[in-house]
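What follows is a set of notes on a single structure, which appears directly below.
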Amino acid sequence: MNGSAQFIDWWSAAPNADSTRVRLDLSTTGNSGPWQLIADSLRNAGRYQWLVPDSIISGDCYVRYTVYGPGASVEATTPRAFVIGDTVLGTAESPKPQAPSRKPGATIVRGVLDLGVDSRQHTAIRAELLDISGRSVMELRPGANDVSRLRPGVYFVRAVSREPLAVGCRKVVVTR
């Protein structure tokens with residue numbers, strides 16, 4: 001999160017000696033760079049506390065770790081991209097509180113997500129399950145939906161009633 005203090009951790013087989021140092025670089029455009037310096041000449045202690053800049057918004061961030069000493073250096077990069085900042089386009093905070101509405105499913109789900117019906121109209125709710133990045137991972141039907149094949153983590157149920165503009169979204173945590 002922008003403006004927060006985060007730890008960058010690493011493991012190195014190089015000795016934690018005065019002559020062994022670590023350099024940390026950040027790419028916000030993929031694992032091939034360009035790279036911006038985070039910190040240099042760090043002791044090889046395995047942890048650095050970084051204040052994440054407010055100006056960065058990217059879903060394709062990588063950290064490059066360079067461990068170096070007299071006559072040798074080794075580089076490694078984070079295995080997957082990570083996100084800094086709010087990368088979801090078109091979102092905004094609601095200017096006024098919304099009236100509470102019925103939201104489908106439970107907060108914590110283990111194997112089966114039960115999607116009910118719209119009790120006001122006795123009609124089925126159409127819904128989809130979105131991953132943390134907002135991509136649809138499955139279409140949901142009224143009743144029991146098997147989510148056991150999904151990885152544990154945070155998902156969102158986006159439900160649409162038959163009423164015009166009645167859209168609801170609820171966070172769901174899938175566990176094993």
So, first residue among the small types (Gly, Ala, Ser) in segment 128-150, second residue part of a loop (DSSP other than H, G, I, E, B) and surrounded by fewer than 16 Cβ atoms within 10 Å (Cβ to Cβ), Cβ within less than 9 Å, six or more apart or across chains; the pairs are Ser133/Thr87; Ser133/Val88; Gly134/Val88; Gly143/Gly116; Ser148/Arg110; Ser148/Gly111; Ser148/Arg176
Name the residues in segment 17-56 that are farther than 16 Å from Phe7 by Cα, touching a Phe, Trp or Tyr at 6+ places or on another chain (Cβ under 8 Å) and not hydroxyl-bearing (Ser, Thr, Tyr), would you? Arg21, Gly30, Asn31
From Arg43, Arg21, Arg64, Arg47, which residue is basic (Lys, Arg) and without any contact (Cβ under 8 Å) to a residue 40 or more places away in the chain? Arg43
On the given criteria, is Ser133 among the hydroxyl-bearing types (Ser, Thr, Tyr), in a loop (DSSP other than H, G, I, E, B) and either at pLDDT 80 or above or surrounded by 12 or more Cβ atoms within 10 Å (Cβ to Cβ) (or both)? yes
Total residues in segment 4-28, condition within 13 Å of Ala76 (Cβ to Cβ) and small (Gly, Ala, Ser): 3
Here the residues within segment 3-51 that are on the phi > 0 side of the Ramachandran plot, assigned to a loop (DSSP other than H, G, I, E, B) and exposed (fewer than 12 other Cβ atoms within 10 Å of the Cβ) are Gly3
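The values are calculated or read from the model by the stated rules, or taken from the named source; none is laboratory data. Just so you know, these numbers come straight off a predicted model, no measurement behind them. No Cβ is skipped: glycine too gets one built from the backbone with ideal geometry, and neighbour counts run over all protein chains shown.
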